[in-house]
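To keep things clear, I will list the structure first and then write my remarks on it.
The values are calculated or read from the model by the stated rules, or taken from the named source; none is laboratory data. Computed from a prediction, not measured in an experiment: that's the story for all the values here. Reconstructed Cβ throughout: ideal geometry from the backbone, glycine too, with neighbour counts over all protein chains shown.
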Amino acid sequence: MLAPDAPFWPDSAFPIAYNLNPDSALGYIEGPDPSQQFIDAADAAFQTWETIPTSRIIFARGPDVSDVLDLDGNDGINLIVFHDWASVQGVPIPLPPGVLGITNTVFDFETGEMQGAAITLARNPFPDSPDPDWSTSGEPWSLDVEAVILHEAGHFQGMAHSNVRNDTTGELVGPPSHAAVMFPFIGFDVMDGRTPDQDDIAWHGFVYPSSSYATSFGSIVGHVPFGAMRMGCSAPAGANGAHVVARDLNVPIGGEPRMVVGSYSYRAEGRLCPYVIPGLPPGDYGIWIEPMDGSPVAALQINTRIQFTLDTNFPEDWYSGEDESGVEPAPHDPASAVPVTVTAGGEVVDIDVIIEEIVPGWCMNVVEASRTGRREKAVAVTFGILLLPFLFLYPIRKISRRAARDRSG
Ligand SMILES: [Ca+2]
Ligand SMILES: [Ca+2]
Ligand SMILES: [Ca+2]
Ligand SMILES: [Ca+2]
Ligand SMILES: [Zn+2]
């Protein structure tokens, strides 16, 4: 998934080069010839993105290198390496414990055009297990080089984290395990991890559309306003960073309608917080919102636009057509969903999901902020200072521990 201001590679940079340090895999991938396994896994991952029919980006593996840190974002070398440190905007940092991979991107803040990127895979992400920790066997529960590079290669192209997963809790510990490749946690099902979901295909094509993108998919747009804000506060507002998902009401997975493509509402686009869900195959969808409250993914893990959002406490809600309001008796009930029909090449508008009558904690600031514009400005400055130009992928055992803790608490 991409933020609207996400970086992207311009067509003039195609094919995008990536440069491996093959010998950095020695001792860290099980089985014969780890260097060749690393090369094959990376090639397969970039090929998977390249061969999505509705996307046009192309890659070419450049010369191998012996570097372990990509310190120059503008030298045309986009390093893929196993190492315990990674260069983040030119500054080497150690990979935090529990992190499988990290991607650093360098881009023009005005235009979003990317100039360089680098992927670092942790050499020993499981300190308690004898090395090598990595595999290319494709076996369930193995730590798969291709699946992790596929995810990091999404960041390498400017994509942010998705919250689309198709198990109830997002723990990914048992079937069904389908999650978007860009979900920030990786599950036990390696073959699923090597396969882009519609959510990945949708956002990739949204940024890098081929000629068939517009004729294959439709889109849905709307807003996520707070119901109470229309009267309780002047300057009506909506939720910054609501997760808005198009779901297939006819295909239950784990007892819940399948998540197809997800998006986020953004206050920066207007106070009522518009969203766009691109890349939808023709069909009927229920539109559903949830807060980014850390179950299973927190706003901090998504992108710089919503990482510090305060709007993380509101009920789940299905779009209910004419009956959509801020005073629904059971907004979380799928029976209240009114399907939205998407056609190829079509855009469905005004699909607003109105949050129930709650007043966000920052409500008292709204009048002053809307008068002076100061709040918006302060947020922009915060982005500049705390911008996270790198993104992590966490292993499943981390989320399993957290889930266990949540259950005991
Ligand atoms: Ca470089
Ligand atoms: Ca280990
Ligand atoms: Ca509703
Ligand atoms: Ca509602
Ligand atoms: Zn990631």
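Please list, ordered by residue number, the strands (runs of 3 or more DSSP E) wholly in region 68-142 having 1 or more residues that are under 22 Å from the mean Cα position of the chain (by Cα) and of a type in the set (Gly, Ala, Ser).
The qualifying strands (runs of 3 or more DSSP E) are 85-88, 101-107, 114-121.
Suppose the filter is out of contact with any Ser or Thr (no Cβ under 6 Å at 6 or more places or on another chain), within 24 Å of residue 8 (Cβ to Cβ) and modelled with pLDDT under 95; does residue 184 pass it? First the steps, then the outcome.
Numbers: out of contact with any Ser or Thr (no Cβ under 6 Å at 6 or more places or on another chain): yes; within 24 Å of residue 8 (Cβ to Cβ): yes; modelled with pLDDT under 95: yes.
Answer is yes for this residue.
Can you name the condition, by its number, that residue 55 falls short on among (1) among the polar types (S, T, N, Q); (2) farther than 23 Å from residue 212 by Cα; (3) surrounded by 18 or more Cβ atoms within 10 Å (Cβ to Cβ)?
(2)
Only one of these is farther than 17 Å from residue 356 by Cα, away from ligand 3 (no atom under 16 Å from the Cβ) and part of a strand (DSSP E or B): 286, 262. Name it.
Values: 286 fails: away from ligand 3 (no atom under 16 Å from the Cβ).
Every option except 262 fails the conditions.
What pairs can you find where one residue is in region 338-349 and at positive phi, the other is assigned to a strand (DSSP E or B), and their Cβ atoms are less than 8 Å apart, with a gap of 6+ or different chains?
As it stands, the answer is 345/218, since those pairs meet every condition given.
Could you please let me know if residue 100 is within 16 Å of ligand 2 (Cβ to nearest atom), within 25 Å of residue 26 (Cα to Cα) and surrounded by 23 or more Cβ atoms within 10 Å (Cβ to Cβ)?
Details: within 16 Å of ligand 2 (Cβ to nearest atom): yes; within 25 Å of residue 26 (Cα to Cα): yes; surrounded by 23 or more Cβ atoms within 10 Å (Cβ to Cβ): yes.
Yes; evaluated as a whole, the condition is true for this residue.
Between residues in region 316-328 that are part of a strand (DSSP E or B) and residues that are among the hydroxyl-bearing types (Ser, Thr, Tyr) and within 9 Å of ligand 4 (Cβ to nearest atom), which pairs lie under 6 Å by C-beta distance while being six or more apart or on different chains?
Filtered contacts from region 316-328: 318/336.
Step by step: first the residues of region 187-203, then only those that are of a type in the set (A, V, I, L, M, F, W, C) and more than 15 Å from the chain's Cα centre (by Cα), then the one that is modelled with the lowest pLDDT. Which residue is that?
Among those residues, the one meeting the criterion is 188.
Among the residues of region 307-329 satisfying the criterion of being loosely packed, with under 12 Cβ neighbours inside 10 Å and modelled with pLDDT under 95, which is farthest from ligand 1 (Cβ to nearest atom)? Quick ask: steps written out before the conclusion?
Keep residues of region 307-329 that are loosely packed, with under 12 Cβ neighbours inside 10 Å, which gives 313, 322-323, 327, 329.
Still in the list and also modelled with pLDDT under 95: 313, 327, 329.
Values: 313: 41, 327: 54, 329: 56 Å.
Among those residues, the one meeting the criterion is 329.
Would you pick out the residues in region 70-84 that are of a type in the set (A, V, I, L, M, F, W, C) and surrounded by 17 or more Cβ atoms within 10 Å (Cβ to Cβ)? So that I can check it myself, show each step before the final result.
The initial filter retains those residues of region 70-84 that are of a type in the set (A, V, I, L, M, F, W, C), namely 71, 77, 79-82.
Once the filter is applied, which keeps residues that are of a type in the set (A, V, I, L, M, F, W, C) and surrounded by 17 or more Cβ atoms within 10 Å (Cβ to Cβ), region 70-84 yields 77, 79, 80, 81, 82.
Looking at region 334-343, which of the residues that are within 26 Å of the chain's Cα centre (by Cα) and surrounded by 13 or more Cβ atoms within 10 Å (Cβ to Cβ) is farthest from ligand 5 (Cβ to nearest atom)? Steps first, please.
At the first step, the residues of region 334-343 found to be within 26 Å of the chain's Cα centre (by Cα) are 334, 337, 339-343.
Keeping just the survivors that are surrounded by 13 or more Cβ atoms within 10 Å (Cβ to Cβ) gives 334, 337, 339-340, 342.
Values: 334: 30, 337: 30, 339: 32, 340: 29, 342: 28 Å.
Ranking the qualifying residues of region 334-343, first place goes to 339.
Please go through region 117-154 and give me each residue that is away from ligand 2 (no atom under 16 Å from the Cβ) and surrounded by fewer than 20 Cβ atoms within 10 Å (Cβ to Cβ), ordered by number. Spell out the reasoning first.
First, the residues of region 117-154 that are away from ligand 2 (no atom under 16 Å from the Cβ): 117-120, 136-140, 146-147, 149-154.
Scanning region 117-154 gives 137, 138, 139, 140.
List, please: which pairs have Cβ atoms under 7 Å, are six or more places apart or on different chains, and start with a residue in region 8-36 that is farther than 20 Å from residue 122 by Cα and end with one that is of a type in the set (A, V, I, L, M, F, W, C) and outside any loop (DSSP other than H, G, I, E, B)?
Short answer, once both residue conditions are applied: 8/114; 8/207; 9/16; 9/114; 15/59; 15/60; 16/59; 17/60.
I need every pair where a residue in region 52-66 that is assigned by TED's automatic domain parsing to the domain that holds residue 149 has its Cβ under 7 Å from the Cβ of a residue that is charged (D, E, K, R), sequence separation at least 6 or different chains.
Filtered contacts from region 52-66: 57/50; 58/50; 59/50; 61/43.
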